[in-house]
Amino acid sequence: MIVVFTGGTSGAKLVQGLQQVTASSSASAGSPSCADFAHDGVLELTVIVNTGDDIEWWGLHVSPDIDSVLYALAGLLSKDRGWGVDGDSFRCLERMKQLGQPFWFSLGDLDLATHLMRTVMLRAGKTLTEATSELAVKLGIRARVLPMSDDRVSTMLDTAEGTLTFQEYFVRERHQVEVRAVRFEGAEQARPAPGVVEAIEHAEAIIFAPSNPVTSIGPILAVPGIRDALRRTKAPIAAVSPIVGGAAVSGPAGKLMQMMGWPSSISGVARAYEDFLDVLVVDEADQHEAQELRRHGLWVCCTRTIMRSAEDKRNLAQTALDFCKAIDKSRVAATSN
Ligand code: GDP
């Protein structure tokens, strides 16, 4: 089983790549590393998703990162926007605006069906894990998509403009306000969702998508038990850097990492995951710094990490898996020596 940790839009791109690699276990035929990970020709994929960005909007429970992953796996994700359903309309949003309702958080008409269904299930007493699983089944998804927790964890940012939820900071303020601290409210009491720790323990490879280490992966690691499981697992752990050429490809990852005291560079990404990371997958643009990191004993793989086409996504997923397998083998060799 391959386990992926992810946020939403960019993480969803890597999840699509991993889906391509795992879907055709005939892919294994062309790829020895995948053949090694597959069982009876089936390569399972478990995706563990951030829910710190979840928001109550117009009375509905919206899980933006889970939805991006579900839409990506179902082939529904909008390529233009990177979130929401491809070809969606926004007529409800327009009407809500006319009715004087808040409209800074855009929800498409088809997207609304997902939030309605999730909210109905949650109100009927189902957990977020159960609601997510049911949505995945209805969308014909074969991979297992797990929220990080069924308990509410909210990413809160202390800013120059006061305390904001993640969506207020990211969408309403377009991440233009200065952030002084990031907190994950509720994390201390939260438990990992059923299946999360087991997936980490039984994984054959664990991949961290190039999501924001502070606000997309940070909330997942803040749930007690998850970080410990990552430190304990025998599975090789790879992370794809969201920092390319010393800066975030998009969004506030670089400045939030600096606020945490980590450099906005591949070294900063290595710092964020230093207690469990085996291999860092970085862009060719960061070759020089990669050499530096290798000197400190980390495995660093330089490759093309910008995912524009389906082929880019597949190649990056395959490279990360190949490196995990190489590490696995070197560990086996080390223990048998
Ligand atoms: P999410 O995973 O989409 O929720 O998004 P985040 O906001 O957590 O992470 C976005 C991060 O992904 C940003 O820091 C970008 O720098 C990075 N990113 C976006 N597209 C790509 C890509 O194609 N390749 C890589 N390596 N990083 C990317």
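Could you give the dipole magnitude of the chain about its Cα centre, charging the beta-carbon of Lys and Arg +1 and that of Asp and Glu -1, in debye to the nearest 20?
Computed charge dipole of the chain: roughly 160 debye.
Which entries in Lys126/Lys313; Lys79/Lys313; Lys13/Lys126; Lys79/Lys138; Lys13/Lys97 show an alpha-carbon gap greater than 24 Å? Provide the component values of the computation, followed by the final result.
Numbers: Lys126/Lys313 34 Å; Lys79/Lys313 13 Å; Lys13/Lys126 29 Å; Lys79/Lys138 22 Å; Lys13/Lys97 31 Å.
Correct reply: Lys126/Lys313; Lys13/Lys126; Lys13/Lys97.
Taking the Cα centre of segment 278-329 as origin, sum charge times position over the Cβ atoms of Lys and Arg (+1) and Asp and Glu (-1), and report the length of that vector in debye to the nearest 20.
On the way: 8 positive and 10 negative charges, 35 e Å.
Dipole about the Cα centre, nearest 20: 160 debye.
Which residues' amide hydrogens lie under 5 Å from the amide hydrogen of His61, considering only partners 5 or more residues apart or on another chain, with H built in the peptide plane?
Thr119
What do you get for the angle between helix 128-138 and the principal long axis of the chain? Use alpha-carbon atoms, 0 to 90 degrees, nearest ten.
90
Under 5 Å between amide H atoms, partner at least 5 residues away or on a different chain: which partners does Ala190 have, H built in plane at 1.01 Å?
The list, which skips near neighbours in sequence, is empty: none.
Provide the packing ranking of 66-77, 109-120, i.e. peptides ordered by the mean count of other C-beta atoms within 10 Å per residue, highest first. Please list the in-between numbers first.
Details: 66-77: 23.2, 109-120: 17.4.
The peptides rank, most packed first, as 66-77, 109-120.
What list of ³J(HN,Hα) couplings, whole Hz, do you get for segment 77-84 from phi and the Karplus terms 6.51, -1.76, 1.60, once you set θ to phi - 60° and write x for glycine and proline?
Using θ = phi - 60°, the values come out as 5, 5, 6, 5, 8, x, 9, x Hz.
Given charges of +1 on the Cβ of Lys and Arg and -1 on the Cβ of Asp and Glu, with all other atoms neutral, how large is the dipole of segment 45-168 about its Cα centre, in debye to the nearest 20?
On the way: 12 positive and 18 negative charges, 96 e Å.
Approximately 460 debye in magnitude.
Calculate for the chain the 222 nm mean residue ellipticity that helices alone would give, adding -39,500 (n - 2.57) per DSSP H run of length 4 or more and normalising by residue count, nearest 500 deg cm²/dmol. Intermediate results must be reported in sequence, preceding the final value.
Numbers: 14 runs with 139 residues, N = 337.
Value at 222 nm, helices only: -12000 deg cm²/dmol.
Order of 211-220, 144-153 by packing, highest average Cβ count within 10 Å first? Please report the intermediate quantities before stating the final value.
On the way: 211-220: 26.3, 144-153: 22.6.
Highest mean packing first, the order is 211-220, 144-153.
Enter the angle in degrees (range 0 to 90, nearest 10) between the Cα long axis of helix 109-123 and the first principal axis of the Cα atoms of the chain, meaning the one along which they spread out most.
Long axis of 109-123 versus the principal axis of the chain: about 90 degrees.
Rule-based calculations on the coordinates, nothing more; no lab input. Because the structure is a prediction, the values reported are computed rather than measured. Heads up, the Cβs are rebuilt from the backbone with ideal geometry, glycines too, and the neighbour counts pull from every protein chain shown.
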